[in-house]
Amino acid sequence: MTTVDTDYWKDADKRKTWDDLVAGETRPSLPYELTLEAIQRYCRSVGDNNPLYFDEEYARKSRWGGLIAPPYIHTLLLLACTPMTDMMRTPGTINASQFWSYNLPARPGDIITLEARALDKFIKGDRLFAVHDNVFYNQKREVICAGRGWTVRPA
């Protein structure tokens with residue numbers, strides 16, 4: 001089973017700075033096996049008790065035909081699929097904006113991969129911005145969700 005490192009500050013000094021980002025460069029990624037336990041722990045932590053995530057019989061009768069993960073599972077997947085050394089340098093990074101589209105739900109047992117890249121970086125006023133593109137796939141190479149985000153980075 002894949003585990004997620006919970007020490008977010010580990011190796012913080014080794015993370016890329018804004019100067020290290022290269023537009024168009026693919027970022028490193030780790031495959032992650034999405035377990036039912038991870039889905040349910042995540043849902044409990046955000047207070048979402050939808051039976052599609054907990055009740056096998058209910059989920060089997062739904063249009064999905066079985067248990068699924070919520071669309072916003074991408075927040076967990078970003079942490080699980082991104083090596084700690086590629087996380088945004090913090091403190092000081094601000095999530096300025098993000099947009100996500102959802103194609104199909106992730107399911108327990110899916111092996112999730114992330115294709116991520118820095119698309120652009122620019123200076124506006126005295127602020128450093130970075131634009132990132134993220135696409136999550138399951139083991140069948142089907143797109144689960146895709147997103148683009150803008151961050152303000154510390155100098």
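The values are calculated or read from the model by the stated rules, or taken from the named source; none is laboratory data. The structure displayed is predicted, hence computed values, not measured ones. Cβ: placed from backbone, ideal geometry, glycine included. Neighbour counts: every protein chain shown.
Annotations for the structure displayed:
- Residue within segment 110-126 that is farther than 17 Å from Thr26 by Cβ and hydroxyl-bearing (Ser, Thr, Tyr) present: no
- Residues (in contact with a helix residue (DSSP H, G or I) (Cβ under 7 Å, 6 or more places away or on another chain) and modelled with pLDDT under 95) located in segment 94-131: Lys121, Leu128, Ala130
- Matching option when the condition is of a type in the set (Val, Ile, Thr), surrounded by fewer than 17 Cβ atoms within 10 Å (Cβ to Cβ) and under 16 Å from the mean Cα position of the chain (by Cα), among Val143, Val131: Val143
- Checklist (1) over 16 Å from the mean Cα position of the chain (by Cα); (2) in contact (Cβ under 8 Å) with a residue 40 or more places away in the chain; (3) outside any loop (DSSP other than H, G, I, E, B) applied to Ile39, failing item: (1)
- Of the candidates Thr75, Thr82, the single residue that is among the β-branched types (Val, Ile, Thr), closer than 23 Å to Ala146 by Cβ and in contact (Cβ under 8 Å) with a residue 40 or more places away in the chain is Thr82.
- Count of segment 57-106 residues, restricted to those that are polar (S, T, N, Q) and surrounded by 17 or more Cβ atoms within 10 Å (Cβ to Cβ), is 2.
- Count of segment 35-45 residues which are exposed (fewer than 12 other Cβ atoms within 10 Å of the Cβ) and either touching a Leu at 6+ places or on another chain (Cβ under 6 Å) or under 30 Å from Ala118 (Cβ atoms) (or both): 1
- Selected residue (criterion: farthest from Phe129 (Cα to Cα)) from residues of segment 52-90 that are at pLDDT 95 or above, aliphatic (A, V, I, L, M) and assigned to a loop (DSSP other than H, G, I, E, B): Leu67
- Residues (outside any strand (DSSP E or B), at pLDDT 80 or above and either surrounded by 11 or more Cβ atoms within 10 Å (Cβ to Cβ) or among the acidic types (Asp, Glu) (or both)) located in segment 1-34: Asp19, Asp20, Leu21, Val22, Ala23, Glu25, Pro28, Ser29, Leu30, Pro31, Leu34
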